[in-house]
1. Here are labelled values, (i) 23.8; (ii) 21.1; (iii) 22.8, and one is the computed mean projected area of the Cα convex hull in nm² for what I pasted. Which one?
2. Within 10 Å of each candidate Cβ there may be at most 15 other Cβ atoms; applying that plus a DSSP loop requirement, which GluC sites (Glu not before Pro) in segment 112-165 survive?
3. Would you mind ranking HIS143, HIS137 by Cβ crowding within 10 Å, fewest neighbours first?
4. Kirkwood Rh, Cα Rg: Rg to Rh for segment 229-328?
5. Determine the sum of side-chain charges near LEU174: Lys and Arg each +1, Asp and Glu each -1, restricted to other residues whose C-beta is under 13 angstrom from that of LEU174.
6. Which one of SER179, SER377, SER210 has the biggest mean-square fluctuation once the chain is modelled by GNM with Cα springs under 10 Å?
7. List the equivalent ellipsoid semi-axes of segment 30-207 in whole Å, largest first, each obtained as the square root of 5λ for an eigenvalue λ of the Cα gyration tensor.
8. What percentage of all Cα-Cα pairs in segment 143-248 are separated by more than 17 Å?
Amino acid sequence: KILLCCKTINYTAQPIVTEVDTLLTVQIPQEGFQKFTDLNLDIFKVYVTDLVIPDIVLDVALFQIALTDIRVKDLSMPRVKYQFTDGAANLQLEDASFVFGFQFSVLQTTYPYISDAGDGELIFSAEGGAEVSPFLHPECTHHVQILKESGQFKIKQFKIKMNGKLQFLYDQLLRILQSLLVEKINEELYALIIDQFITGLNWGLLRLSSGDKSNGTNYYSDNRFIDVQLKNGFLVAKMTGQVWQMDETTRTISQWMPTIQKDRIPILSNYNMQYFLQKDVYQTALNAFKEFVKKTDLKITVLNFVRTGLLIEVKKSEFMATLLMKPVQKFVNTYLGNNDTRFQLQFNQVVQCVGDCKQAEDLGLEIENCSDKTVISITTSNTMSEENCVQIYISADFFNFGCQIND
């Protein structure tokens, strides 16, 4: 079942990626993660509304009462609050309100053995939570999952309705039945609700593709998770982002560029979403550009970041030049409820040139115009726009984008 829903690409040239392959890091502070989930809470509602509670059989006085086919009838999604700690996160559901519909049967256990059946509702509000931690799935490689470490749940308000022929009897039994049900729900139901919430989240994470498609081409950015951890108040996810052409018939990428992970100065800022790119990831995008436009006589070498952008060296028989390109971030709606974050290049100027410099300038503009065709990108970056992002020079090897989530 896991492998059927696991959305993978066959990376035959580099089937397993490790820490040294990291070129793209996403860093999300607690406040940013809170904002992101607040604005996407309806995504989780789909999974919780499918919750089915196992049958409940209770002995009340001289009667056995069985509640069956217990399903969510109405649901007010709770506010979910997060508290990050090193290695784990505390997840709290506040003001959760549920209405469960059910069928029931009542059987007296002694003479005269009267019986009845009907339908009813469980109506309650509750709060609870769990401690969770991220891990990489052992079968669906490089896909992140959430593990529940512990949990607790508390009923705040509770009411049960039963509709049947023996209504006079239920009015007498309900006080005892209600007490027993609250105890059972506090002990058992919280696990089902929290587990269903986490199961839904994990199912969605498994469905994330391990590669993100460029605009109108078969070039993909490697989105395999190398590592995901909670550290120093941040959720940190590492990947390569390398851009290569995919055989879409077999979903295979057979190219790879070996890289060396460079040391980066730790930066802990308040931006809701933070992206750190090592210069080599742009080299893979430019290699893919050269392949896409079929310029076999062109050589492009990424030099380094400067405060005003990225310097690249371009060589052809007609010219040799250094171009200044500006790293920019774009958000593209790929389908309803899902945006891609794309890291593109805009042409700024020719810095140095020998030979036909007009051709060098035209090449810079062509790189910009084709930047979305072989693009470094990440899936599922909802609720942001370019005007709420800034570009920050870190060093010759690293560039940072910081974004605020739209309120």
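Throughout, read-outs are computed from the coordinates displayed, never taken from laboratory work. Note that the structure is predicted; figures quoted are calculated from it, not measured. Every residue, glycine among them, receives a Cβ derived from its backbone with ideal geometry; neighbour counts consider all protein chains shown.
1. It is the one labelled (iii).
2. GLU139
3. So the residues, fewest neighbours to most, are HIS137, HIS143.
4. That ratio is 1.03, to two decimals.
5. Details: positive: LYS159, LYS161, ARG175; negative: GLU121, ASP171.
After counting each charged neighbour, the total is +1.
6. Of SER179, SER377, SER210, the most mobile in the Gaussian network model is SER179.
7. The equivalent ellipsoid of segment 30-207 has semi-axes of 37, 15, 14 Å.
8. Across segment 143-248, Cα pairs with separations above 17 Å total 72 percent.
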